[in-house]
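One structure is given here, and the rest of the page talks about it.
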Amino acid sequence: MDERLLGIVLDSFPKILIPGLTATIPLTVIAFSLAMVIAVAAALAQFARVPAVTQLCRFYIWVFRGTPLLVQLFVVFYGLPRVGITLDPFPAAVVVFSLNEGAYCAETVRAALEAVPAGQLEAGYCAGMSYLQTMRRIILPQAMRTAFPSLSNSLIAMVKDTSLASNITVVEMFRAAEQINAVVYEPLVLYIEVGLVYLLLSTALTWLQGVGERRLGAYQRQEG
Amino acid sequence: MLEVKGIRKSFGALEVLKGVDLTVNRGDVAVILGPSGSGKTTLLRCVNFLETADGGTLAFDGEEFRLGHVPRRDVLRLRRKTAFVFQSYNLFLNKTALENVTEGLIVARKMPKAQAVELGRRALDRVGMSGRMDHYPSQLSGGQQQRVAIARAMAADPEIIYFDEPTSALDPELTGEVLAVMRRLAEDGVTMLVVTHELGFARTVSNQVVFMEDGAVVEAGPTREVFERPREARTRAFLQPGGQSE
């Protein structure tokens with residue numbers, strides 16, 4: 001009995017880890033990168049109070065924060081083919097995860113931009129810099145430092161949320177575990193095993209967050 | 001070099017500047033004095049377009065502008081001829097002392113980095129900060145931050161430096177070191193327009209005084225005249241406590 005379980009664990013481990021490397025991690029990395037682009041763009045537009053664009057951003061954030069991720073996945077993957085938009089599972093997941101994550105992170109970045117003292121922008125102007133130059137060189141770097149812990153948090157949450165992509169047939173780690181379970185029926189062992197792999201990824205990201213914060217925080221350290 | 005006429009500014013129903021005139025010539029050290037709430041800081045901020053004035057004209061280097069209608073490109077161009085020192089320093093928090101000085105040179109004025117760094121080192125040396133070039137603002141005292149801010153202001157060799165109560169956030173000990181730096185700038189012939197509460201500095205360093213109250217100029221003239229023979233009773237009361245009884 002124990003030997004059989006051990007065999008299942010050893011046999012299933014690479015079968016779970018490989019989809020982790022080929023699906024979970026790429027999905028997270030691609031979607032989170034796109035989410036960052038969306039978030040920074042939406043936050044900057046709102047910060048600058050570009051009239052129509054700000055309204056559009058508010059609407060986008062309202063919709064994507066206000067509906068379940070799972071529903072969004074179903075609408076895009078199962079729903080959109082009805083209107084002629086058919087996406088493969090992985091691209092569909094990328095679209096949904098980046099839009100969903102972008103909505104949350106846009107709020108984080110916007111709050112961080114607003115937390116930068118107003119004098120920083122004025123100092124940029126008085127140094128002869130334009131609005132865009134000051135945003136890029138002074139305001140945004142400071143805001144990203146402030147936003148970094150929250151954004152790391154979002155990233156860690158997203159790694160785990162990618163398991164929802166199993167519902168639209170993306171073979172990522174969780175779906176791999178499910179498929180093995182369907183054959184050997186050892187739910188306790190297999191689901192704990194896949195949970196541990198997620199824990200491993202989250203731990204690595206938490207560690208990276210610490211490294212990143214120390215790097216970015218150099219200018220905030222007091223002397224002595 | 002700088003001539004402002006009839007500048008007006010309201011915040012909502014509150015009229016902060018009620019048609020103020022101001023002239024600064026090249027080489028002048030002009031100070032704006034006056035009680036809190038007299039509109040001194042707003043005047044300075046309007047002159048550098050940090051606030052948009054409601055009306056009036058501004059002539060800089062012979063170019064004349066209608067305040068409230070200055071195109072953004074001209075605002076940028078004029079700001080590159082001037083510099084501003086804030087009460088709260090406003091050093092770029094994510095930049096070292098040296099980077100604070102070079103940032104505007106490299107980014108706004110497109111100066112090659114090596115040249116900017118050379119200028120930056122020299123400017124920091126002039127304010128006695130050469131030992132702390134790689135420190136971030138959070139690692140510097142208020143007085144040191146303000147000296148870096150002054151180095152940042154003078155590095156671009158502006159035609160005029162505006163100072164907005166540069167020592168008001170500092171305790172007396174640190175005030176001295178900042179005033180000493182400003183005194184040296186004045187001796188070097190840098191044109192300065194200074195909003196301050198430091199009467200001693202105004203009396204000994206400036207050559208022009210503008211005394212403001214309630215958004216209007218009460219009295220303006222050469223420093224010695226205004227201090228020694230103020231025409232207005234209000235000026236006398238402000239400059240010489242007890243002087244009203246004369």
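Rule-based calculations on the coordinates, nothing more; no lab input. These numbers come from a predicted model, not from an experiment.
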### Query
Given a cut-off of under 8 Å on Cα pairs at least six residues apart, what relative contact order in percent is computed for chain B?
26
### Query
Could you give the distance between the Cα centres of region B:172-229 and region A:38-115, to the whole Å?
55
### Query
For chain B, what class follows from the C-alpha gyration tensor (a ≥ b ≥ c being the square roots of its eigenvalues): rounded when a/c is under 1.5, otherwise prolate if a/b is larger than b/c, else oblate?
oblate
### Query
Along region A:76-81, what does the Karplus equation 6.51 cos²θ - 1.76 cosθ + 1.60 (θ = phi - 60°) give for ³J(HN,Hα), rounded to whole Hz, x for Gly and Pro?
6, 7, 8, x, 4, x
### Query
Based solely on its DSSP helices, what 222 nm [θ] is calculated for the protein assembly as shown when runs of n ≥ 4 H residues each add -39,500 (n - 2.57) and the sum is averaged over all residues, nearest 500 deg cm²/dmol?
-17000 deg cm²/dmol
## Note on the structure
Per its Cα gyration tensor (rounded if a/c is under 1.5, else prolate when a/b beats b/c, else oblate), region A:2-217 is best filed as oblate
### Message
With θ taken as phi - 60° and the coefficients 6.51, -1.76 and 1.60, list the Karplus ³J(HN,Hα) couplings across region A:158-164 in order, rounded to whole Hz; mark glycine and proline as x.
### Response
5, 3, 6, 5, 4, 4, 5
### Task
State, as an integer percentage, the relative contact order of chain A based on alpha-carbon contacts under 8 Å between residues 6 or more apart.
29
### Query
Counting only DSSP beta bridges with both residues in chain B, what percent are antiparallel, rounded to the nearest 5?
60
### Placed amide H near residue B:34: partners under 5 Å, 5+ positions off or other chain
B:212
### Message
Restricting to lysines 8 or more places apart or on different chains, can you count the pairs in chain B with Cα atoms under 24 Å from each other?
### Response
13
### Message
Show me, for region B:221-236, the HN-Hα J-couplings you get by feeding each phi into the Karplus relation (A = 6.51, B = -1.76, C = 1.60, θ = phi - 60°), rounded to Hz, glycine and proline as x.
### Response
x, x, 3, 4, 4, 5, 6, 8, 9, x, 7, 9, 4, 5, 5, 4
